[in-house]
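The values are calculated or read from the model by the stated rules, or taken from the named source; none is laboratory data. Just so you know, these numbers come straight off a predicted model, no measurement behind them. Neighbour counts are summed over all protein chains in view; Cβ atoms, including those assigned to glycine, are modelled from backbone coordinates with ideal geometry.
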Amino acid sequence: MAARRVAASSVDWLAIAARVPEAQKPLFNAFKGKSDGYLRSVLSLPAEMPKINFAAYKARIAIPGMVEEFEKQYGAMQIPYPADTYSKQIDEIQKEVAVETETFIKESEGRIAKLQAELAEWEKMIPYEQMTMEEMVEAFPDKTVNIANPTLWPHTPEDQPGYVAKEGAEE
Amino acid sequence: MKKSMKNELKIEGESYKTQQTAIHKRKKRRPSRVHSVQSPAILLIGMLSRLAARTVQEVRPLVLVRPTSTSAVQRAEQRDEANFPRPVRPVEPGKVRLGFVPEEWFQFLYPKTGVTGPYVLGLGLTTFLCSKEIYVMEHEYYTGISILLMVVYAVKKFGPVIGQTLDKKIEDIEQSWRDYREGSIIQVKESMEKEKEAQLSAKGQDMLFDAKRENVALQLEAAYRERLARVHSEVKKRLDYQLEVANVKTRLQQKHMVDWIVKNVKGSITPAQEAATLKQCMADLKALAPKA
């Protein structure tokens, strides 16, 4: 496309920065640094073709016709705008990322639902002073003694026979 | 203390409903273990067993035995709160008179015998037991009295302090339970918050792509401007070169001309002209000198 972009940043950096998680702040800063570098290099150069004072040259230079030739060609010069080969890639990657974001958000919603169920259970629980033993067993089935499946001393999961270590913790 | 142990197990292993009725009717409970008038020793054992049972009910460890049946009646959600209110741990011990006689007995006898009834009963009973030598006051009796006095003194002196320390320990344990619960709730809420923030961050990724596109555009713009500047500088360089060449030429021509003119003028001065000029200069100087 031959259209030229504005010579200023139209991206809301503050809004993006607000959404960056803590762990990725250095990456974000590096990215912003690069962006600022590009902006600086754009601003340091003039926007249009600078003018040359051909009249002065014509007065001094003795070679006939050279300055007029230069003037004519200088005015007629068409400088091609560099071709944009990367925008398409960016669009493709954006689509992929959109899909990934969708899956992540779905999983996240699932986790939130589980957490809310947990919260509801905690809220529903009666104060400990009013619990009887049966209610305690209902509230904390994994922390109370189970006559049907007794645990051996010490009563930690790792020391029971037939324990298989899980690879990676499940949140 | 086999009897007390049996009573302990009985309370613990009882089904929920009977346990509740037992607690509910604590105020009006008959001393079921004392079926007839027996020696105070058995009375005392009965008292201790009830105390022990109550302690077991009040201070429970966190890990306990699973009940043998959990039918719908015993589930927490379907509990009848009106008829079977939840047990609340009493803070004060049961009311007693004379240090060991429960208040409930006095209330039980009040309709029939009035205020002095139980006292009269106690007095008459003890008189009967002592006079008929059913309760023999032998050596161990007096030993018991001495020990009792010492015990009463010790309890009165150290009781409150020990009671407070133990109460504080219980309070710490219960606080730790409450903290666990509060902490869990806070943790769950924080996790939810974090999840929401993560969702927000994920959605914000979209904005980054606009930034990337802008980066690409900025780079293209920079390259274009650089090309413009390059063209300009190249053209200017060539023109400046020509200008310099012309300047140099003009300068050289001027210098040469000047040199040539001077040389020629110098060469055209004849010796006669030179002598005449010199003479004229001397005459001028002499004319000027006397005037000073």
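Pairs needed: first member in segment B:83-94, facing chain A (nearest Cβ under 7 Å); second member anywhere, modelled with pLDDT under 80; C-beta distance under 7 Å; at least 6 residues apart or different chains. Filtered contacts from segment B:83-94: B:ARG86/A:GLN130; B:PRO87/A:GLN130; B:PRO87/A:THR132; B:PRO87/B:ILE23; B:VAL88/A:GLU129; B:VAL88/A:GLN130; B:ARG89/A:GLU129; B:ARG89/B:GLU58.
Picking from A:ILE126, A:ILE112, which residue would you name as being in a helix (DSSP H, G or I) and modelled with pLDDT of 80 or more?
Values: A:ILE126 fails: in a helix (DSSP H, G or I).
Among A:ILE126, A:ILE112, only A:ILE112 is in a helix (DSSP H, G or I) and modelled with pLDDT of 80 or more.
Mind listing whichever residues of segment B:220-269 are at the interface with chain A (Cβ under 7 Å from one of its Cβ atoms), within 30 Å of A:ASP84 (Cα to Cα), out of contact with any Ser or Thr (no Cβ under 8 Å at 6 or more places or on another chain) and of a type outside the set (D, E, K, R)? Listed by number, the residues that qualify are B:LEU220, B:ALA223, B:TYR224, B:LEU228, B:ALA229, B:VAL231, B:HIS232, B:VAL235. When residues in segment A:88-130 are screened for being in contact with a helix residue (DSSP H, G or I) (Cβ under 6 Å, 6 or more places away or on another chain) and either among the small types (Gly, Ala, Ser) or under 30 Å from B:TYR180 (Cβ atoms) (or both), 9 of them pass. Every residue in segment B:162-219 that is of a type in the set (S, T, N, Q), more than 7 Å from chain A (Cβ to nearest Cβ) and within 16 Å of the chain's Cα centre (by Cα), please. Passing the criteria: B:GLN175, B:SER176, B:GLN187. Residue pairs whose Cβ atoms lie under 9 Å apart, separated by 6 or more positions or on different chains, with the first residue in segment A:151-165 and under 19 Å from A:PRO141 (Cβ atoms) and the second β-branched (Val, Ile, Thr) and surrounded by 10 or more Cβ atoms within 10 Å (Cβ to Cβ), are A:THR151/A:VAL145; A:HIS155/A:VAL145; A:HIS155/B:VAL63; A:PRO157/A:THR151; A:GLN160/A:THR151. Filter segment A:78-90 down to residues that are in a helix (DSSP H, G or I) and more than 8 Å from chain B (Cβ to nearest Cβ) and give me whichever is nearest to B:ALA198 (Cα to Cα). Going through the qualifying residues, I end up with A:GLN89.
Look at B:SER146 and say whether it is part of a helix (DSSP H, G or I) and within 30 Å of A:PHE140 (Cβ to Cβ). When the stated conditions are applied, B:SER146 does not pass them.
Just for segment B:112-130: of the residues that are exposed (fewer than 12 other Cβ atoms within 10 Å of the Cβ) and modelled with pLDDT under 95, which one is farthest from B:VAL152 (Cα to Cα)?
B:LYS112
When A:PRO26, A:PRO64 are screened for being out of contact with any Pro (no Cβ under 9 Å at 6 or more places or on another chain) and either at the interface with another protein chain (Cβ under 7 Å from one of its Cβ atoms) or part of a loop (DSSP other than H, G, I, E, B) (or both), only A:PRO64 passes. Given the condition assigned by TED's automatic domain parsing to the domain that holds A:SER9, among the basic types (Lys, Arg) and outside any loop (DSSP other than H, G, I, E, B), answer yes or no: does some residue in segment A:98-108 qualify? No.
Please work out if A:ALA76 is exposed (fewer than 10 other Cβ atoms within 10 Å of the Cβ) and within 30 Å of B:LYS237 (Cα to Cα). Spell out the reasoning first.
On the way: exposed (fewer than 10 other Cβ atoms within 10 Å of the Cβ): yes; within 30 Å of B:LYS237 (Cα to Cα): yes.
The answer is yes for A:ALA76.
Here's the yes/no breakdown for (1) facing chain B (nearest Cβ under 8 Å); (2) over 35 Å from the mean Cα position of the chain (by Cα):
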| position | (1), (2) |
| --- | --- |
| A:ALA76 | no, yes |
| A:ILE93 | yes, no |
| A:ILE112 | yes, no |
| A:GLU123 | yes, yes |
| A:ILE126 | yes, yes |
| A:GLN130 | yes, yes |
| A:GLU134 | yes, yes |
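Can you tell me which residue within segment A:30-61, out of those that are part of a helix (DSSP H, G or I), among the basic types (Lys, Arg) and modelled with pLDDT under 85, is farthest from B:GLU221 (Cα to Cα)? Applying the filter and picking the extreme gives A:ARG60.
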